[in-house]
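Here the structure comes first, spelled out in structure tokens, and everything after it is commentary.
The values are calculated or read from the model by the stated rules, or taken from the named source; none is laboratory data. For clarity, every value in this text was computed on a predicted model and none was experimentally measured. Here the Cβ positions follow ideal geometry from the backbone for every residue, glycine too, while neighbour counts run over all protein chains shown. Each accessible area value is taken on the protein alone, full model and side chains, heavy atoms only, with ligands, DNA and RNA left out. Shrake-Rupley method; radii C 1.70, N 1.55, O 1.52, S 1.80 Å.
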Amino acid sequence: MRYCKEYFDDVRLVVRTMPGITTLFNKTICITGATGMLCSAVVDIIALLNKEKSAGIKLIIAGRNKEKTAARFDGLLQNGEYEFVSYDATKVGEYLPQADYYIHGASNADPAKMSTEPVETMLGNILGLKTVLDSAAMSKGSRVLLISSGEIYGNPVASDEVSLGNQQEDASEGKGQYIKENTFKETDYGYVDILNPRACYPMSKRAAETLCASYYQEHGVDFVIARSCHAYGPGITPADSRATAAFTRNAASGKDIVMKSAGEQIRSYCYTLDSAAALLTILIHGTSGEAYNISNKDSIVSIREIAEEIATAAGVKVIFENPGDAEKKSYNMMKGSALDSSKLEDLGWSAKFDLKSGVEATLKFYK
């Protein structure tokens with residue numbers, strides 16, 4: 001991630017249009033998964049608010065590696081500008097420090113690791129959240145934002161018992177048609193093959209959402225949920241196996257983009273700064289106990305289309321290769337994952353980066 005004036009101009013752009021951002025001033029925010037793609041962009045926004053708006057936001061970063069955290073935010077945060085606390089999402093840990101807001105982003109979002117480490121993936125999505133919810137229960141009056149995923153929707157089901165609008169799916173054969181106009185609303189739930197180990201991610205995210213609802217009923221913990229679409233941006237890591245991350249790394253180094261499928265699956269995409277602004281909007285304005293989709297309605301495209309957009313911006317080509325067995329096992333189980341963001345937009349959020357400008361910014365600030 002390359003911090004520079006142009007990048008912070010983009011941060012200022014999303015901050016200027018965020019509704020009610022001053023609600024966070026002089027509050028304490030504890031973030032898990034702060035070095036990940038989404039939450040690192042949230043940290044960027046908070047750091048800018050503190051430096052330029054004297055927001056007085058106390059930032060607590062909970063993670064496993066203090067040195068990795070310091071390296072990720074080198075050039076942004078100095079010693080004393082945040083508090084680091086030890087936290088492992090795969091284990092039930094001690095209470096986190098008291099905070100007004102907890103943002104739980106710690107999760108294995110790497111498809112390759114989901115395939116090779118399904119147990120750790122599930123534990124990280126449930127046990128790590130329990131620590132956050134217990135901490136919020138102790139803090140009294142805190143709000144928890146769970147970063148969930150659009151994968152929880154599964155594949156559309158059409159039967160006498162289940163109706164999902166105009167989406168059609170034969171769950172028994174695993175076949176179905178998914179077109180760009182079909183989008184999941186927050187009340188649409190489809191089919192997930194729970195005996196497929198790759199279901200470790202969507203099923204544990206589903207369980208995490210129910211755990212939040214259970215803590216709300218039993219312990220009065222205030223919570224909101226963000227169901228993120230496919231985020232992309234410059235904050236990717238060398239080990240990230242997601243398609244857009246691999247496309248970005250290749251393109252940024254002048255190599256052709258390699259696709260391991262026809263890339264016909266439709267996905268919702270959203271640039272990381274827009275996603276981070278959406279997270280904070282949900283944190284501030286979301287109705288307790290409800291979920292909100294994050295999706296840029298102008299960036300609902302196929303995997304091939306985003307690959308071609310990245311290739312065009314970088315001046316490289318898209319080529320095709322057959323996937324290996326291990327790669328096939330890591331694939332997203334959803335045939336289409338376009339999300340309807342109208343509920344989020346009703347809170348006052350809107351995306352500032354279309355696909356073209358988001359891709360250009362990704363390549364410009366990636367290092």
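Which of the residues belonging to the range 99-141 are of a type in the set (A, V, I, L, M, F, W, C), out of contact with any strand residue (DSSP E or B) (no Cβ under 8 Å at 6 or more places or on another chain) and over 18 Å from Asp240 (Cβ atoms)?
Val119, Met122, Leu123, Ile126, Leu127, Ala137, Met138, listed by residue number.
To keep it simple, each residue is scored yes or no on (1) closer than 20 Å to Cys270 by Cα; (2) not in a helix (DSSP H, G or I).
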residue	(1), (2)
Asp9	yes, no
Pro19	yes, yes
Ile29	no, yes
Leu38	yes, no
Asn50	no, no
Gly56	no, yes
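Determine which single condition Val14 fails, assuming it passes every other condition in (1) in contact with an Asp or Glu (Cβ under 7 Å, 6 or more places away or on another chain); (2) open to solvent by 10 Å² or more (accessible area, probe 1.4 Å).
The number of the failed condition is (2).
Exactly one condition in (1) modelled with pLDDT of 95 or more; (2) surrounded by 24 or more Cβ atoms within 10 Å (Cβ to Cβ) is not met by Leu49; state its number.
(2)
It is to be established whether one or more residues within the range 252-269 are surrounded by fewer than 24 Cβ atoms within 10 Å (Cβ to Cβ) and among the hydroxyl-bearing types (Ser, Thr, Tyr).
yes
For the range 108-137, what are the residues that are small (Gly, Ala, Ser), at pLDDT 95 or above and either open to solvent by 10 Å² or more (accessible area, probe 1.4 Å) or assigned to a loop (DSSP other than H, G, I, E, B) (or both)?
Result: Ala137, single match.
Determine which member of the set Glu186, Glu173, Glu218 is part of a loop (DSSP other than H, G, I, E, B), at negative phi and either at pLDDT below 95 or surrounded by fewer than 13 Cβ atoms within 10 Å (Cβ to Cβ) (or both).
On the way: Glu186 fails: either at pLDDT below 95 or surrounded by fewer than 13 Cβ atoms within 10 Å (Cβ to Cβ) (or both); Glu218 fails: part of a loop (DSSP other than H, G, I, E, B).
One residue alone meets the criteria, Glu173.
How many residues are open to solvent by 20 Å² or more (accessible area, probe 1.4 Å) and assigned to a helix (DSSP H, G or I) when one looks only at the range 58-81?
6
Does Gly105 meet the test of being buried (at least 18 other Cβ atoms within 10 Å of the Cβ) and either touching a residue at least 12 places away in the same chain (Cβ under 8 Å) or of a type in the set (A, V, I, L, M) (or both)?
On the way: buried (at least 18 other Cβ atoms within 10 Å of the Cβ): yes; either touching a residue at least 12 places away in the same chain (Cβ under 8 Å) or of a type in the set (A, V, I, L, M) (or both): yes.
Against the criterion (buried (at least 18 other Cβ atoms within 10 Å of the Cβ) and either touching a residue at least 12 places away in the same chain (Cβ under 8 Å) or of a type in the set (A, V, I, L, M) (or both)), Gly105 qualifies.
Which ones in the range 289-324 are at pLDDT below 95, of a type outside the set (D, E, K, R), open to solvent by 70 Å² or more (accessible area, probe 1.4 Å) and not in a loop (DSSP other than H, G, I, E, B)?
The one that is at pLDDT below 95, of a type outside the set (D, E, K, R), open to solvent by 70 Å² or more (accessible area, probe 1.4 Å) and not in a loop (DSSP other than H, G, I, E, B): Phe320.
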